[in-house]
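Read the structure below first, then the notes.
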Amino acid sequence: MSKYKTCGYKGSCDKNEEREGRSSVRYRSGLANTIQDVLRQRPNWVEVKDDGEWDFYWCDVGWLRENFDHMYMGEHVRINHFRNHYELTRKNLMVKNLKRYQKNLERETGRVEASKCDFFPCTFALPSEYHLFVEEFNRSPGCTWIMKPVAKSQGKGIFLFRKLKDIIEWRKDGSRTDEQKDAPPVENYVAQRYIENPYLINGRKFDLRVYVLVTSYVPLKAWLYRDGFARFTNTRFSLSSIDDKYMHLTNVSVQKTAPDYDPEKGCKWKMQQLRRYLTAKHGREVVENLFKEMDNIFIRSLQSVQKVIINDKHCFELYGYDILLDHNLKPWLIEVNASPSQTPSSQEDYEMKYKLLEDTLNVVDMEGRLTGKEKRVGGYDLMWNDGPVYREDVNLQTLGSSCFTANTHLGCVNDREKQLRHLLKPFPFQKKM
C-alpha cells in the first residue's frame, strides 16, 4: 500500500504530512450488507466513522452525488464510483450513448461494424421522445412494450402495455390536455420493445446477472468475473397475461414476494450450471459463440461512454449487467446497474457475492501487492486493457500452432483460491519510503 496520509473527505493536508507511513487501510462503508463483512475481515483494514480520514470508501450513489465535488483525495485513495457513472447506468442515458456510438461507428467504419451494436431493444425516452415512440408503435401494431422508470431498480414502477391509452400521461406537454397540464410533470421513463420470444428453461423466463469491474476509462481497463447467475421467474411464461409480474420480471426482489416462492430453492442458477445446460443442449461451439457475443456487449457498452465518463484515478466501478437471451440464443442488453445488489438471497448467493467483493478489493489493490501486469486476479479475468486481452491456447491438432482467444472465462471453473495463493503474497505492507 502507499505510505501516504490521506485527507479523505472535505479537507486538505499539508504536503509534508502526506508521506507519513501507514500500516493499515482506513475504510468507510455506506452499506450494511455483504461488503461490510468483506471489509471487516480484510487483514489490516480499519473502519473509520463519521468524518474520520479514510483511504477507501464503498459509498452509495446518493452520498457520491452530494459529496464528490467537495472532496480532496490523496494519491492512493479509492472510491467505488465514477463521478458520472449514470451515463451508463441510467436507462435513458445508456440508450442515448449507445445510439450515438453506433451512429459514429457507421459513419467512420461502415454498417457492418455498427451492426455489432445491435444488442439493445428499440427504446425511447418518455415523455421527451413520445412522438417518435408513437410512430414506431404504429408501425408494429400488436407488439408488447415495457415501461421502466429511468432511475429505479428492483423492478419498481415497471409495467407492460400494448395500447397507447396505457401511457397517455407521458404525452409531451404540447399535446397534453388542460387537465394534464396542471398535473405535476411525470417521472422520466423509457418505453422499450419487449422481448416476446425469450429463451425458456422449464417454461420459465430468466435473465443473466454478470459482473464487470472497470478500474480506468482512460485508458479503458475492464475485468470480467467468472461467476454470475441466472435469475428465473416463479411462473411459466406466456404472453396471454402481461400483468403478471411473477411471469415477466426476473428481479429477485419481485420473485421473493410470490405466494409460492420457496426461499430454500430460490430462483437462481449459478452461471456455471447454466453454461453446462446450454452446452449439453446446443453444443460447445454454439455456446462459445453466445459468450463471445456477450463479451462484445460488455466492451461496446463501455466504449460508448468512454468519452463522456469523467475518468478519475481514484475511482473504480463494479457494474451489474443484466442480459436476456432470446430463443435464438441472441443476447440482449437490458440494463447496467451501478450498485448491483450485494444482499444475498441464500447461503450460496452470499458466498458468491463475498468472493466477488473480496476479489474486487484484490484488483483495486490498496495493499500494493500486484505488479499491474496481471491478466487474472482471483475470479476476475482482464478482458480489455486499452485493447483486447488474449490468452494463448496451443492447439496440438494444428502442429503446435498458437491461436489467440479472448481472455474471458464467464461461467467457467473459478478456482480463485488456488490462483490467489499462487499470485499474492501474504498481507505485509510495503516498507516506508
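Our summary of shape: the Cα atoms of the range 220-351 have principal axis extents of 47, 35, 32 Å, ordered from largest down, in whole angstrom.
Per Stokes-Einstein, at 37 °C and 0.692 mPa s, what whole-number D in µm² s⁻¹ belongs to the range 82-161, with the Kirkwood radius over Cα pairs as the hydrodynamic radius? Display every interim value, and only then the final one.
Working: Rh = 14.4 Å.
After rounding, the answer is 229 µm²/s.
For the residue pairs K116/K307; K103/K148; K103/K353, the alpha carbons lie more than 30 Å apart in K103/K353. Checked against a 25 Å cut-off, the cross-linked pairs K156/K292; K49/K425; K330/K373; K205/K270; K96/K205; K268/K355 give Cα-Cα distances beyond that limit for K156/K292; K49/K425; K330/K373; K96/K205.
In sequence order, the range 371-387 has phi-based couplings of 8, x, 10, 5, 9, 9, 9, x, x, 8, 10, 6, 9, 8, 9, 6, x Hz under the Karplus curve 6.51 cos²θ - 1.76 cosθ + 1.60, θ = phi - 60°, and Gly or Pro positions carry x. Note on the range 37-83: Cα Rg divided by 2.2 N^0.38 Å, N the number of residues, gives 1.19.
For E293 and R139, the FRET efficiency from 1/(1 + (r/R0)^6), where r spans their Cβ atoms and R0 equals 25 Å, is about 0.40.
From most to least packed by mean Cβ count within 10 Å, the peptides 413-421, 228-236 give 228-236, 413-421.
Quotient of the Cα radius of gyration of the range 263-309 and 2.2 N^0.38 Å, N being its number of residues: 1.60.
Throughout, read-outs are computed from the coordinates displayed, never taken from laboratory work. From a predicted model like this one, the values you see are computed outputs, not experimental measurements. Methodologically, a virtual Cβ is constructed for each residue, glycine included, from the backbone with ideal geometry; neighbour enumeration extends over all protein chains shown.
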